[in-house]
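The structure appears right after this line, and notes come after that.
The values are calculated or read from the model by the stated rules, or taken from the named source; none is laboratory data. The structure displayed is predicted, hence computed values, not measured ones. Cβ sites come from the backbone with ideal geometry, for glycine too, and all protein chains shown count toward neighbours.
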Amino acid sequence: MTGTILELFIATICFVGIHTIPSSFMKGAIVSKIGQKAYMGVFSLLSLGFLVWMVMAFNAAPYGDVFWEVGNWGRYLAIVAMLVASILFLGPYTGASATGVGGEKSVKKEGARSGLNAITRHPLMWAFVLWAGVHLINNGDLKSIIFFAGFGALALAGTFLIDAKRKRDVSEGWDDYVAHTSNVPFLALLQGQAKLSIKSIWWKVLIGFVLFMAFFHLHLRVIGVSPFPL
């Protein structure tokens, strides 16, 4: 089974499956038996292990049937989307995040609803959605469809699962936080529920641009595929 599409499919299912536990009834049952710290340790190890397995299975699997091919428009789209993704990726690492790990205490903080959080309250998840989405568009072979569709679907579903988990766990302030932010990027801004200050994000945009340029120019050397339009 090693080096097959089937292995990649199983690894993807395991990776996606392990990430549904934190937002399901199973977490409470597991924590009640082994404790919060043990649960976090086991979850982190399994999550990392399944991710490594998924990546290794992807690299080893044959490409399989090709269902679509796109031209340069897909690569140009990827450039724009990945620049946005690189900026959003910084969200939980450059300020308060009510939807990040341990973010329950940040719900009432102004920083949790401003800056990149004013664009979307799930900047990291949407960074992964954009990354997976544009790579899926530009890679229509079977193994890429399994890998990127699985990763992207998990990230997108994660935005809803995290919201549901926070609503259960945060007794005060969550509804008000939701009313001033949005899951869908830019929706709260368009509806006037949030305000975006250039002063609060300009340096994050700059760092995101540097991060994007690093990924863009190292892509061929690290991944083996050039992202430049042909």
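Data overview
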{"quantity": "Filter result for Gly111 (of a type in the set (Gly, Ala, Ser), assigned by TED's automatic domain parsing to the domain that holds Ser197, under 18 Å from Ser200 (Cβ atoms) and in a helix (DSSP H, G or I))", "calculated": "yes"}
{"quantity": "Test: Thr94 is surrounded by fewer than 21 Cβ atoms within 10 Å (Cβ to Cβ), touching a residue at least 60 places away in the same chain (Cβ under 8 Å) and either farther than 30 Å from Leu6 by Cα or not assigned by TED's automatic domain parsing to the domain that holds Ser200 (or both)", "calculated": "yes"}
{"quantity": "Every pair of residues 6+ apart whose Cβ atoms lie under 6 Å, when the first sits in segment 1-18 and is over 13 Å from Ser144 (Cα atoms) while the second is charged (D, E, K, R) and surrounded by 15 or more Cβ atoms within 10 Å (Cβ to Cβ)", "calculated": "Met1/Glu7"}
{"quantity": "Index of the failed condition, Met125 passing every other in (1) more than 13 Å from the chain's Cα centre (by Cα); (2) aliphatic (A, V, I, L, M); (3) at pLDDT 95 or above", "calculated": "(1)"}
{"quantity": "Trp174 vs. criteria under 24 Å from Tyr93 (Cα atoms) and either of a type in the set (Asp, Glu) or without any contact (Cβ under 8 Å) to a residue 60 or more places away in the chain (or both)", "calculated": "no"}
{"quantity": "Residues within segment 176-199 that are crowded, with 16+ Cβ neighbours inside 10 Å and under 18 Å from Leu83 (Cα atoms), tallied", "calculated": "1"}
{"quantity": "Residue check for Val52: β-branched (Val, Ile, Thr), surrounded by fewer than 15 Cβ atoms within 10 Å (Cβ to Cβ) and not in a loop (DSSP other than H, G, I, E, B)", "calculated": "yes"}
{"quantity": "Residues (more than 22 Å from Gly103 (Cα to Cα), among the hydroxyl-bearing types (Ser, Thr, Tyr) and in a helix (DSSP H, G or I)) located in segment 1-48", "calculated": "Thr12"}
{"quantity": "Among (1) over 30 Å from Ala60 (Cα atoms); (2) free of Cβ contacts under 8 Å to residues at least 24 places away in the same chain - the single one Ala149 does not satisfy", "calculated": "(1)"}
{"quantity": "Leading residue by the ranking (farthest from the chain's Cα centre (by Cα)) among those in segment 70-92 that are part of a loop (DSSP other than H, G, I, E, B) and farther than 19 Å from Asn183 by Cα", "calculated": "Gly71"}
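Here's the yes/no breakdown for (1) under 24 Å from Gly133 (Cα atoms); (2) in contact with a Ser or Thr (Cβ under 9 Å, 6 or more places away or on another chain); (3) among the β-branched types (Val, Ile, Thr); (4) not assigned by TED's automatic domain parsing to the domain that holds Ser200:
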| position | (1), (2), (3), (4) |
| --- | --- |
| Thr4 | yes, no, yes, yes |
| Ala11 | yes, no, no, yes |
| Ile30 | no, no, yes, yes |
| Gln36 | no, no, no, yes |
| Met40 | no, no, no, yes |
| Val52 | yes, no, yes, yes |
| Gly74 | yes, no, no, no |
| Ser86 | yes, no, no, no |
| Gly100 | yes, yes, no, no |
